[in-house]
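The values are calculated or read from the model by the stated rules, or taken from the named source; none is laboratory data. If you're wondering where the values come from, they're calculated on a predicted model, not measured in any experiment. Please note: Cβ atoms are built from the backbone with ideal geometry, for glycine as well, and neighbour counts cover all protein chains shown. The protein model used for the area step is the full one, side chains on, heavy atoms only, and it has no ligands, DNA or RNA in it. Shrake-Rupley method; radii C 1.70, N 1.55, O 1.52, S 1.80 Å.
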Amino acid sequence: MYYDLLPKIKNAVKAKKEYFQTSSYSNLDLAIAKILVEEGFLKSASKKEAGRKQYLEIKPAYKSGDAAFTDYRLYSKPSRRVYRGYEELKPVRQGYGISIITTPKGVLTGKQARKEKVGGEYLCEVW
C-alpha cells in the first residue's frame, strides 16, 4: 500500500540508491509512483514480474546530488480516512510540494483535482 511505499522511497533516497525494488505491488502504488515521476520526484517507476510475483522497480531522481524527494506526510490511513472537496485543496509547501488524492477520475494531484473540480480521499503530501 501507499503508506508503505513512501517510507521505502525516502529510505532509498537517504541511502543514495540508484534504484530499488518494492516487495509488494498494487495498482494504487503504481498510480502514485507514476504521479511522482510526472512531478519530477522519481526518474522512473515500472511494474516488473518474476514468475508470478509482481513488484515495482523505482529509480529516485537527484538534482545536483540532492534528492528531489525530501519528505512526505500521510493523511488517510486504513484506520482513519480523510476526504476533501476540491475547494479545500490548497498548495503544499507554497507550491514546492504536491498532494495526492484518489478521486472518481483516478489518482490525481491536488492541482489536477482542483482543475477538474473533483474531490476524494486525501492520501498524502510530498515535497
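Might you let me know whether segment 98-120 holds any residue that is assigned to a loop (DSSP other than H, G, I, E, B) and at pLDDT below 95? The answer is no; no qualifying residue exists.
Taking (1) within 23 Å of residue 109 (Cα to Cα); (2) open to solvent by 10 Å² or more (accessible area, probe 1.4 Å); (3) not in a loop (DSSP other than H, G, I, E, B) in turn, residue 36 satisfies each apart from (2). State whether one or more residues within segment 27-34 are within 14 Å of the chain's Cα centre (by Cα), over 18 Å from residue 99 (Cβ atoms) and without any contact (Cβ under 8 Å) to a residue 12 or more places away in the chain. Within segment 27-34 (the criterion being within 14 Å of the chain's Cα centre (by Cα), over 18 Å from residue 99 (Cβ atoms) and without any contact (Cβ under 8 Å) to a residue 12 or more places away in the chain), the answer is yes, since at least one residue qualifies.
Residues in segment 17-27 that are assigned to a strand (DSSP E or B) and open to solvent by less than 40 Å² (accessible area, probe 1.4 Å): 20 only.
Of the residues 30, 74, 56, the single one that is touching a Ser or Thr at 6+ places or on another chain (Cβ under 8 Å) and open to solvent by less than 70 Å² (accessible area, probe 1.4 Å) is 56.
Okay, residues lined up against (1) within 17 Å of residue 120 (Cβ to Cβ); (2) hydroxyl-bearing (Ser, Thr, Tyr):
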site: 2; (1), (2): yes, yes
site: 5; (1), (2): no, no
site: 9; (1), (2): no, no
site: 30; (1), (2): no, no
site: 44; (1), (2): no, yes
site: 49; (1), (2): no, no
site: 70; (1), (2): no, yes
site: 79; (1), (2): no, yes
site: 91; (1), (2): no, no
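In segment 39-53, the residue that is farthest from residue 10 (Cα to Cα) out of those that are open to solvent by less than 70 Å² (accessible area, probe 1.4 Å) and in a strand (DSSP E or B) is 50.
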